[in-house]
Structures are given as C-alpha cells and as structure tokens.
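The values are calculated or read from the model by the stated rules, or taken from the named source; none is laboratory data. Everything numeric here is computed off the predicted structure, so don't read it as measured data. Cβ sites come from the backbone with ideal geometry, for glycine too, and all protein chains shown count toward neighbours.
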Amino acid sequence: MTQAVMARHAGEPRKERSGLRPGQRVFVWGSLIPIFLYLGVFALFPMVWVVVLSFFNYSPVRVGDGPLGLGGRNPFIGLDNFAAMFADTRAGQIFRISVKNTLIFAFLVLVVNLAITLPLAVLVESVHHRVKGLFRAIYFLPTVSSAVAVAIMWGYVYHPQQGLLNNFIKLIGLTPPKAWLTDPSAFVFGVPLAMIAVIIAYVWMDFGYNLVIFIAALQGIPHELRDAAHIDGATGWSEFFHITIPLLRPTLLLVCTLTMISSFQVFVIFQVMTGGGPQNQTRSLTMEIYENAFRYQAMGWAASMSLVLFAMVLIVTLVQFRILRTDWEY
C-alpha cells in the first residue's frame, strides 16, 4: 500500500516549500524595499561619496566635467589631501592641532566619566529601592537635555565676572582664573583650561547614560558571589576590585566604546562654548571638518579628514575590544 501511495504522488508536481503565501511575499518585499532604498540613499551612498571625494579637489561651487561634478575644475588629485595633512602649511597645522585636541578630549572624558559613573553606580545601587529610581532619574536628566542649552548654561557658569563658579571661588577666599574659556595662557597639567572647562560640561551632560548602564549591570551580578565573598571576610573595597570590576568587564567594554565614539564626534558643545578658541586650543576635528565643508566649501579636504576621523574611531574601538574583551559569561 505504501508503494502504491508513493507511485501515485510521484507524478504530481512538487509543491513550493517557502512557507510564505503570495500575499505574504508581497508584504515582505513591500516592507524591505523601502528600507533598502533608504539605507542605500542615506547611508551607503554618502559613505562611498566621502571616499570618492577624498581623492578630488572638490568644491560644490565649481562645476566639473564628469559625473556628479567631478573632474575639470574639480580635479582628481590622488592622495594629495592626505599628504597635505603632514605638510608645513596652515591647513596641515590646524588639522594636526584638531587631531591632538580631539584625542585629549576623548581620553580625558573617558577617564573622568568612568571615575564618576562606576563608583556612583555602586552607591546608587546600595540605597533603598524606594529612592533608587529617584536618583536614577535625577542623574539621567542632563542626558536628555539639549546640547545647545547645556553649552549656554555652562557658558554662564564660567563667565569671568557674573559666573557662578568664579563667584563661588571668591566667596571661599580664593582667586579665580581670569577667564575659563578665553584665557590662552591658562593650563592645568599641560592641558588648556578651556579644554578642561568643556570636558567638565560635557561629562556633566553625558555621565547619566553610562550610570544607568552600570546600574543595570550591577543588578545582574549574582548575589551568591557577594555573599560568598562576605563569608570569606572580604571588605567592601576587596569586593569592588576583585568581584565587581572583573564581572563588569563586558559592560566596561560597552561603556568605553560608546563613550569614546561619542567623544570623537562632539561638535555642538565646542561650537557654542568656545568656537574652537582660544587660539585653537579647543578646536576639535569635527569642527575642522564642518568649517571646511560648509564654510569654505572645501569638500574634498573635509572628506579626507572625515576618513581620518573614521580611522581613529576604528583603531581605538579595536584596541578597546582587544583589552577588555572576555570569553566568559556569568
């Protein structure tokens, strides 16, 4: 009987086993095609266009002979844009200054952010559960604030005459700096005072995000490990350094990566608070890219600097993955 059934079905056409009816396939493709078009037009094409522009002396105010305005008055120059970064010209000097400032800003922001958020997360996690949510909300509020508003507020705080900070320093009997944001001769351990002022403002605005991530990670640490440490006589500091920190390495990797990437891309707070001054001491690479692209219309030069910024972010991210990556979970 089984052979008869098999013989009967042998001559029937094989049914499609895709699992989707024709109407479902139309819905799927109708949903995916707009997404693919959006990513292609607004993500993939701009990335390819930046790479192409970096090899041209391109400006949108000039009309080229080739496709998309390339060629002719927008000539192909190969690697000249990248060679100009090391040349002894004003553009090359300002580029190197902006790279140095960006690296200083990003690494100091990371150190200060971690020094604040990790201990604070442990303290917030240790308070009573009824007020824990209140503390999280208070510390997270600056994160959702407008960067322009934060920059303007801190500009008033740093004002040399009416600023809250200088008035407080005078109140306790000390001599405040002449100007936090405009004094080119003021340095703290070799770092310009204006840069430190911007770092403080940015960390104040940004640390709540990392704080919430650390609190969530602390809540995921098994209580059995802490209880076992207490039974073995571990103090609070021993538990923090030998249990909490090692178990937070995956979270540290996430926080360090996100913080560095966002720090490399900071623009608004520099633009509003200092405008890159004094004497280019707070001029970031994003500001240099923006001004060359949209103020001076030097799109080719700006595109090459954008690729350098991408390379910086990529290298730092890979180093962080190499140092903080773990092959285990708890």
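Take the conditions touching a helix residue (DSSP H, G or I) at 6+ places or on another chain (Cβ under 9 Å), part of a helix (DSSP H, G or I) and touching a residue at least 24 places away in the same chain (Cβ under 8 Å) and apply them to residue 181. Does it pass?
Here the answer is no, as residue 181 does not meet what is asked.
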| message | Taking the criterion of being surrounded by 19 or more Cβ atoms within 10 Å (Cβ to Cβ) and more than 30 Å from residue 98 (Cα to Cα), would at least one residue in segment 192-207 satisfy it? | response | no
| query | Applying the selection to segment 123-156, what residues are within 19 Å of residue 274 (Cβ to Cβ) and free of Cβ contacts under 8 Å to residues at least 24 places away in the same chain? | reply | 146, 149, 153, 156
| said: From the list 138, 116, exactly one residue is surrounded by 14 or more Cβ atoms within 10 Å (Cβ to Cβ) and within 27 Å of the chain's Cα centre (by Cα). Which is it? | reply: 116
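Residue by residue, here is whether (1) of a type in the set (Asp, Glu); (2) in contact (Cβ under 8 Å) with a residue 60 or more places away in the chain holds:
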site: 235; (1), (2): no, no
site: 239; (1), (2): yes, no
site: 246; (1), (2): no, no
site: 254; (1), (2): no, no
site: 257; (1), (2): no, yes
site: 265; (1), (2): no, no
site: 279; (1), (2): no, yes
site: 296; (1), (2): no, no
site: 303; (1), (2): no, yes
| said: Return the residues of segment 214-249 that are modelled with pLDDT under 80, in a helix (DSSP H, G or I) and among the polar types (S, T, N, Q); say none if nothing qualifies. | reply: 238
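Name the residue that is surrounded by the most Cβ atoms within 10 Å (Cβ to Cβ), counting only residues in segment 55-92 that are of a type in the set (Val, Ile, Thr) and at pLDDT below 90.
63
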| task | Scan segment 53-82 for residues that are touching a residue at least 40 places away in the same chain (Cβ under 8 Å) and among the hydrophobic types (A, V, I, L, M, F, W, C) and jot them down. | result | 53, 55, 56, 61, 77, 82
| request: Kindly indicate which of 217, 229, 197 is in contact (Cβ under 8 Å) with a residue 12 or more places away in the chain, more than 30 Å from residue 152 (Cα to Cα) and in contact with a Leu (Cβ under 7 Å, 6 or more places away or on another chain). | output: 217
